[in-house]
Amino acid sequence: MSTTTCQVVGFLLSILGLAGCIAATGMDMWSTQDLYDNPVTSVFQYEGLWRSCVRQSSGFTECRPYFTILGLPAMLQAVRALMVVGIVLGAIGLLVSIFALKCIRIGNMEDSAKATMTLTSGIMFIISGLCAIIGVSVFANMLVTNFWMSTANMYSSMGGMVQTVQNRYTFGSALFVGWVAGGLTLIGGVMMCIACRGLVPEETNYKAVSYHASGHNVSYKPGGFKTNTGFESSTKNKKIYDGGAHTEDEAQSHPSKYDYV
């Protein structure tokens, strides 16, 4: 799979997951009344994160918001916080990922900057998906605990006869929507992180030639450089000036008297 395809697929999955998280957070059917012992009833109750509803057999539905915050169970408040944080992180990651798409050019943005933005959005999507999955799982665990506690209270120790009737709640449709949405967001974030590796520019090795400042007797060659010192044999650079043996450098630095004639 190419880098562009992986990035676009991860982007689309993250959009679907974020939309599912928003839908699950706003749904009212996080917990629904269990009708196993009483399938025929005139009132059906279900609850969400923000309000509880009652639907009558006539089709009339009445919903009542939770007018308190401190009076709600701590687990319910924690689930609210997790879902809201997941949605906020997913929205920020969505905005960042739009500018990080390889198929979209904005100015002179380099591939290294797009790779960084893709990795950032992928991490945000992963955290967003984990928040949604954890929040839904915590609420489901709370439902299971309350269900079995209500079942135990319904029966007394005398022959297992039913003494009281209590409303028991089971999983609602919002839980399944939240699980699927969190999984899609998580997979989309992982694919964005994988696509980040293909956007990083490859490192190239350049063969550079190093130049060292030295004396004026330096000869540069393709294989390197060689410096002539005063200790080497100077038989090739000697010339005869005025009956005496002087080197070429000395002749240039100390001209003889015949040079002015």
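Quick note: the coordinates plus some simple rules give every number you see, no bench work behind them. What you are looking at is a predicted structure, and each value in this text was computed from that prediction instead of being measured. Please note: Cβ atoms are built from the backbone with ideal geometry, for glycine as well, and neighbour counts cover all protein chains shown.
Some observations on this one:
- A full extension of the chain between Gln45 and Thr4 corresponds to an added length of 10.0 nm, given 0.36 nm per residue minus the alpha carbon distance.
- FRET efficiency for Met109 and Leu76, using Cβ-Cβ distance with R0 set to 30 Å, rounded to 0.05: 0.10
- DSSP-loop chymotrypsin sites (Phe, Trp or Tyr not before Pro) across the range 41-82, with at most 15 other Cβ within 10 angstrom: Trp50, Phe60, Tyr66, Phe67
- Theoretical gain in end-to-end length, Val84 to Ile98 [0.36 nm per residue, Cα-Cα removed]: 2.9 nm
- Between Cys63 and Ile123, the simple label model (points 7 Å from Cα in the Cβ direction) yields a spacing of 3.7 nm.
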